[in-house]
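Undergrad: My questions all concern the structure below.
The values are calculated or read from the model by the stated rules, or taken from the named source; none is laboratory data. The structure presented is a predicted model; accordingly, all values stated were derived computationally and were not measured. Here Cβ is always computed from backbone atoms with ideal geometry, including for glycine, and neighbour counts include all displayed protein chains. Heavy atoms of the whole protein, side chains included, go into the accessibility calculation; ligands, DNA and RNA do not. Shrake-Rupley method; radii C 1.70, N 1.55, O 1.52, S 1.80 Å.
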Amino acid sequence: MSTVGFGLLLGVAILTCFSMAWVLGANSNSPPFAPAIGANAISTMQAAFVIGLLAAAGALMQGGAISETVGQDLIDNADIDALAATAGLLTAAGFMAVGIYTRYPIPAAFATTGAMVGVGLSLGGDPAMATYQRLGLFWLMVPFMSGGLAYTTAIMLRRDDVPETIGVPLLAGLVGMIIANIRLGVIPTPAGDQGTVAEFVSWQLGSPLPVASNYDIVMVLVTIAFGLGSFYWVRTQIQASIEGGIRSFLLVLGGIVAFSSGGSQVGLATGPLDNLFRVQLGLPAITLLALGASGILAGAWMAAPRLLQATSREYAQLGVRRSIAALVPGFVIAQLAIALGIPISLNNIILSGVIGSGLAAGSGGVSKGKILFTVGFWLFTLFSSVAVGFGVYRVFAFVVGG
């Protein structure tokens, strides 16, 4: 391929990546702040502004693992070039457009994963069966993990013998302990990779007392300190005003989940270009993540307000406590997926959480028929996107080769 041809193809691939990130920013980051809007804790425009900033920050600081999985681990013995990346991204975007048109949310993770597998097979690569088993097991567990955690949380918040000055602060303490142990690109480690706050403090103090593998006493103390600090702050807020304190926690929780959403979603847009940027162009990973983060930021600022208004009305009907019960599992599972490098769709996690928290009140809030149809639609997306991605790349290769 000539230099001019490669340049044009590279431009198309970058534009497609940015467009995919824009769609993700517009559609996939709204659920975390919808409960806060429904509870009148923040306005729609303020929420869209904050969502854009937090999701973009999450994309930059936590998006590398997902991007690497999508770009390198879905297929063996084949490198994803600019043409293949464009074919995969256009295929995934096409499925998402169908979802928007039919009003059935298609998981971006399923569409992108299937498309990239199809493209890789069309390139002559081999199936990465170990990766597929890992992804499939995690995806299968998500509804049970999210729904189960949400159900348990909602039950605790509804118990008369657990006052809200204790129950909600306990959840905040759990979130704080997890925050102390999430990996962030801005935190250095001796090995030069992403570190956690707990690791960084331990490294600076030189902790000599190991507790478990790669975990020492200083890390334990930092984790406990974050948990106690979060517990104390939320408890103080609730003691001053129960409803006001709960809304404040809901607002902070929404921001944390939006940050996690950016980290878990950006790789779906940037992953297909990972090999192109890293190997063929020799650019650092942060360059590609910055491209995805800018697309997410633009999508959130330009298109999220309309979706936020719609989803906030649904969450207003759920109530703040059930919304908290749905968002806490979303944060936990999103961070677990990021740590494992597994692409996920946050909407799926939140939906499972909403159903689980609704069961605690005696109703899931969603008809069984719609749930079954939606799950079937998701599975159809996963498998059919493989076939479509395979065919789209063959067509592109024929046209370019011709």
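Undergrad: Regarding segment 302-314, can at least one residue be identified that is out of contact with any strand residue (DSSP E or B) (no Cβ under 9 Å at 6 or more places or on another chain), modelled with pLDDT of 80 or more and part of a helix (DSSP H, G or I)?
TA: Yes, segment 302-314 contains at least one residue that is out of contact with any strand residue (DSSP E or B) (no Cβ under 9 Å at 6 or more places or on another chain), modelled with pLDDT of 80 or more and part of a helix (DSSP H, G or I).
Undergrad: Now for a different question. Looking at (1) more than 24 Å from Gly254 (Cα to Cα); (2) open to solvent by less than 10 Å² (accessible area, probe 1.4 Å); (3) at pLDDT below 80, find the lone condition where Asn29 falls short.
TA: It fails just one condition, (1).
Undergrad: Same structure again: Here is a list of conditions, (1) surrounded by fewer than 24 Cβ atoms within 10 Å (Cβ to Cβ); (2) under 22 Å from Ala298 (Cα atoms), and Gly64 meets all of them except one; can you say which number that is?
TA: With (1) surrounded by fewer than 24 Cβ atoms within 10 Å (Cβ to Cβ); (2) under 22 Å from Ala298 (Cα atoms) applied to Gly64, the lone miss is (1).
Undergrad: Return the only residue of Ile80, Ile51 being outside any helix (DSSP H, G or I) and either within 22 Å of the chain's Cα centre (by Cα) or over 21 Å from Ile350 (Cβ atoms) (or both).
TA: Ile80
Results for (1) within 25 Å of the chain's Cα centre (by Cα); (2) crowded, with 20+ Cβ neighbours inside 10 Å; (3) within 26 Å of Arg158 (Cα to Cα); (4) free of Cβ contacts under 8 Å to residues at least 12 places away in the same chain, shown as yes or no for each residue.
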| site | (1), (2), (3), (4) |
| --- | --- |
| Pro190 | no, no, no, no |
| Ser202 | no, yes, no, no |
| Thr223 | yes, yes, no, no |
| Ser230 | yes, yes, yes, no |
| Gly244 | no, no, yes, yes |
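Undergrad: Could you say whether any residue in segment 67-74 is open to solvent by less than 10 Å² (accessible area, probe 1.4 Å), closer than 30 Å to Arg247 by Cα, under 21 Å from the mean Cα position of the chain (by Cα) and touching a residue at least 12 places away in the same chain (Cβ under 8 Å)?
TA: No, because not a single residue in segment 67-74 is open to solvent by less than 10 Å² (accessible area, probe 1.4 Å), closer than 30 Å to Arg247 by Cα, under 21 Å from the mean Cα position of the chain (by Cα) and touching a residue at least 12 places away in the same chain (Cβ under 8 Å).
Undergrad: Restricting attention to segment 162-185, does a residue exist that is under 23 Å from Trp378 (Cβ atoms), buried (at least 20 other Cβ atoms within 10 Å of the Cβ), touching a Gly at 6+ places or on another chain (Cβ under 8 Å) and not β-branched (Val, Ile, Thr)?
TA: no
Undergrad: Suppose we filter segment 98-152 for residues that are over 25 Å from Ile355 (Cα atoms) and aliphatic (A, V, I, L, M); how many remain?
TA: Selection size over segment 98-152: 9.
Undergrad: For segment 252-280, enumerate the residues that are open to solvent by 30 Å² or more (accessible area, probe 1.4 Å) and more than 19 Å from Gly341 (Cβ to Cβ).
TA: Val252, Ile256, Gln280
Undergrad: Could you tell me whether Leu283 is outside any helix (DSSP H, G or I), open to solvent by 10 Å² or more (accessible area, probe 1.4 Å) and within 24 Å of Ala65 (Cα to Cα)?
TA: On the way: outside any helix (DSSP H, G or I): yes; open to solvent by 10 Å² or more (accessible area, probe 1.4 Å): yes; within 24 Å of Ala65 (Cα to Cα): yes.
It is true that Leu283 is outside any helix (DSSP H, G or I), open to solvent by 10 Å² or more (accessible area, probe 1.4 Å) and within 24 Å of Ala65 (Cα to Cα).
Undergrad: Hey, another quick one. Limited to segment 100-159, what total is found for residues that are assigned to a helix (DSSP H, G or I) and buried (at least 18 other Cβ atoms within 10 Å of the Cβ)?
TA: Final tally of qualifying residues: 29.
Undergrad: Residues in segment 83-97: is at least one closer than 30 Å to Pro127 by Cα, hydroxyl-bearing (Ser, Thr, Tyr), in contact (Cβ under 8 Å) with a residue 12 or more places away in the chain and touching a helix residue (DSSP H, G or I) at 6+ places or on another chain (Cβ under 6 Å)? If you could, list the steps in order and put the result at the bottom.
TA: To start, the set of residues in segment 83-97 that are closer than 30 Å to Pro127 by Cα comprises 83-97.
Remaining after also requiring hydroxyl-bearing (Ser, Thr, Tyr): 86, 91.
Narrowing the set further to residues that are in contact (Cβ under 8 Å) with a residue 12 or more places away in the chain leaves 86, 91.
Subsequent filtering for residues that are touching a helix residue (DSSP H, G or I) at 6+ places or on another chain (Cβ under 6 Å) retains 86, 91.
Looking through segment 83-97, at least one residue is closer than 30 Å to Pro127 by Cα, hydroxyl-bearing (Ser, Thr, Tyr), in contact (Cβ under 8 Å) with a residue 12 or more places away in the chain and touching a helix residue (DSSP H, G or I) at 6+ places or on another chain (Cβ under 6 Å).
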